[in-house]
Amino acid sequence: MSYRIPFNRPCLAGNEYKYIAAAIANGHASGDGPFTRRCHEFLEKELGVPRVLLTTSCTHALEMAALLLDCGPEDEVIVPSFTFVSTANAFALRGARLVYADIRSDTLNLDESLLESLITPRTKAIVVVHYAGVPCEMDPILAVAARHGVRVVEDNAHALFSRYKGRYTGTMGCLATQSFHETKNFTCGEGGALVINDAEFVERALVIREKGTNRSRFFRGEVDKYTWVDLGSSYLPSDLLAAFLLAQFEAREMVQEKRRLVWNRYHESLDDWAESNDVKLPVIPADCEQAYHMFYMLLPSAEHRESLISHLKSESILSVFHYTPLHLSEAGKKFAAHPSRCPVTEDISERLLRLPFYNDLSENDQDRVTTALMKFRFRALSRRAS
Ligand SMILES: Cc1ncc(COP(=O)(O)O)c(C=O)c1O
């Protein structure tokens, strides 16, 4: 079914076609060509980090992180239950057991106050997700991790260029992962990056990303042929994708400004309506700058959400729910260290609704969304018990 106002629409930022044509003309369509290098330099300079490597997806960057940390069957990895499967699956692939953390009811990020109670002598890593582009409470998370000698990985799929107390997300854990999937602020259709903040991981990351070979040493003239030296896989995107992505990166200010305007416009038009209908709008802590990745609302009940989705559908507007709790999923239970209780995740995941959000969402179409919302009849449905 096609909608008059879709949930997402990939948007061109400027030089995409020109750069793709140049990548073809360069005669280097495979990975690590000139456009990939320019994407690496852009992110390294903007974020001020030692090394960035483009990958084929955020999922693959997370798999690289699990390999780099040598996660195995003896290890436990703490992940929020309210996240995309890849945050957990990447570590389960290495045999690690998952420990699910519940989330805060305000930012929907991992609840840092629970961490201490989830850490055991087996804990290898804590993976945080900056949900909806709003940073986690990183100081206490980093402090608990340091106290226990546990690594922190940031799944920064939503939050490129958001800041926590002035620091970019993705620069605080030893490793961080980015997504350039079509739903993200900056995209090349499918793509990702591994951000390496701890230089000790650089050489091995290069090997893992190149099918477990020392090919990058060969290209640097350090060995006369390359060979298999470690585990790895094919995690390099084509330079054609990097060409598309670079065009998006170069329009960073424009992309973020457009998204900021869409987000603020939703917030301003829905504030009073939300207040009078027991709908909660996103919370941005005072010391955080968000990435303007999505606009979600928490409805009073699951029933309200389902009927609001149908109501918007009847107006040809696509609104969508988000993650279902990992700790209750079939694979989530199978790869868990032990059963978990995550009541906030269970409650939120039933009531959260995401509105259409993309760079080129026109004011006219946005008004159609908010007008349709205001026509929704709340009173007929019962509220949640709490
Ligand atoms: C928090 C989070 N991590 C990882 C991913 C996976 O990203 P990708 O599609 O680039 O593999 C997603 C997907 O949307 C996500 O929401």
Of the residues in the stretch 137-168, how many are more than 16 Å from the ligand (Cβ to nearest atom), outside any loop (DSSP other than H, G, I, E, B), in contact (Cβ under 8 Å) with a residue 24 or more places away in the chain and among the charged types (D, E, K, R)? 4
Which count do you get for residues in the stretch 80-104 that are touching a Ser or Thr at 6+ places or on another chain (Cβ under 6 Å), more than 10 Å from the ligand (Cβ to nearest atom) and of a type outside the set (Asp, Glu)? 3
Being open to solvent by 30 Å² or more (accessible area, probe 1.4 Å) and more than 12 Å from the chain's Cα centre (by Cα): is that true of THR107 here? no
Can you name the residue in the stretch 330-362 that is free of Cβ contacts under 8 Å to residues at least 40 places away in the same chain and in a loop (DSSP other than H, G, I, E, B) and is also nearest to VAL262 (Cα to Cα) among such residues? SER362
Looking for whichever is surrounded by fewer than 20 Cβ atoms within 10 Å (Cβ to Cβ), touching a helix residue (DSSP H, G or I) at 6+ places or on another chain (Cβ under 6 Å) and assigned to a loop (DSSP other than H, G, I, E, B) here; the options are THR171, THR183, THR120. Which one fits? THR171
Would it be correct to say that SER238 is among the small types (Gly, Ala, Ser), modelled with pLDDT of 95 or more and in contact with a Ser or Thr (Cβ under 8 Å, 6 or more places away or on another chain)? yes
Of all the residues that make up the stretch 186-211, how many are over 14 Å from LEU47 (Cα atoms), more than 12 Å from the ligand (Cβ to nearest atom) and open to solvent by less than 30 Å² (accessible area, probe 1.4 Å)? 8
Find the residue count for the stretch 224-237, including only residues that are hydroxyl-bearing (Ser, Thr, Tyr), more than 20 Å from the chain's Cα centre (by Cα) and open to solvent by less than 40 Å² (accessible area, probe 1.4 Å). 0
Residues in the stretch 365-374: is at least one out of contact with any Asp or Glu (no Cβ under 6 Å at 6 or more places or on another chain), in contact (Cβ under 8 Å) with a residue 60 or more places away in the chain, part of a helix (DSSP H, G or I) and of a type in the set (Lys, Arg)? yes
Of all residues making up the stretch 248-280, the number that are surrounded by 14 or more Cβ atoms within 10 Å (Cβ to Cβ) and over 20 Å from ASN364 (Cβ atoms): 12
State the number of residues belonging to the stretch 57-73 that are more than 13 Å from the ligand (Cβ to nearest atom) and open to solvent by 30 Å² or more (accessible area, probe 1.4 Å). 2
Members of the stretch 212-231 found to be of a type in the set (Asp, Glu) and either within 16 Å of the ligand (Cβ to nearest atom) or out of contact with any helix residue (DSSP H, G or I) (no Cβ under 8 Å at 6 or more places or on another chain) (or both), listed by number: GLU222
When you scan the stretch 304-328, how many residues do you find that are more than 16 Å from the ligand (Cβ to nearest atom), open to solvent by 30 Å² or more (accessible area, probe 1.4 Å) and either among the hydrophobic types (A, V, I, L, M, F, W, C) or not in a loop (DSSP other than H, G, I, E, B) (or both)? 8
Counting only residues that are in contact (Cβ under 8 Å) with a residue 24 or more places away in the chain, touching a strand residue (DSSP E or B) at 6+ places or on another chain (Cβ under 8 Å) and more than 16 Å from the ligand (Cβ to nearest atom), how many does the stretch 105-136 have? 8
Regarding VAL52, is this residue more than 13 Å from the ligand (Cβ to nearest atom) and open to solvent by less than 10 Å² (accessible area, probe 1.4 Å)? yes
Going through LEU68, LEU93 one at a time, which residue ends up being closer than 26 Å to ALA291 by Cβ and out of contact with any Leu (no Cβ under 6 Å at 6 or more places or on another chain)? LEU68
Kindly check whether there is at least one residue in the stretch 277-293 that is farther than 30 Å from TYR164 by Cα and charged (D, E, K, R). no
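The values are calculated or read from the model by the stated rules, or taken from the named source; none is laboratory data. Because the structure is a prediction, the values reported are computed rather than measured. Ideal geometry is used to build each Cβ from the backbone, glycine not excepted, and the neighbour counts take in all protein chains shown. We work out accessible area using only protein heavy atoms, side chains counted, and drop any ligands, DNA or RNA first. Shrake-Rupley method; radii C 1.70, N 1.55, O 1.52, S 1.80 Å.
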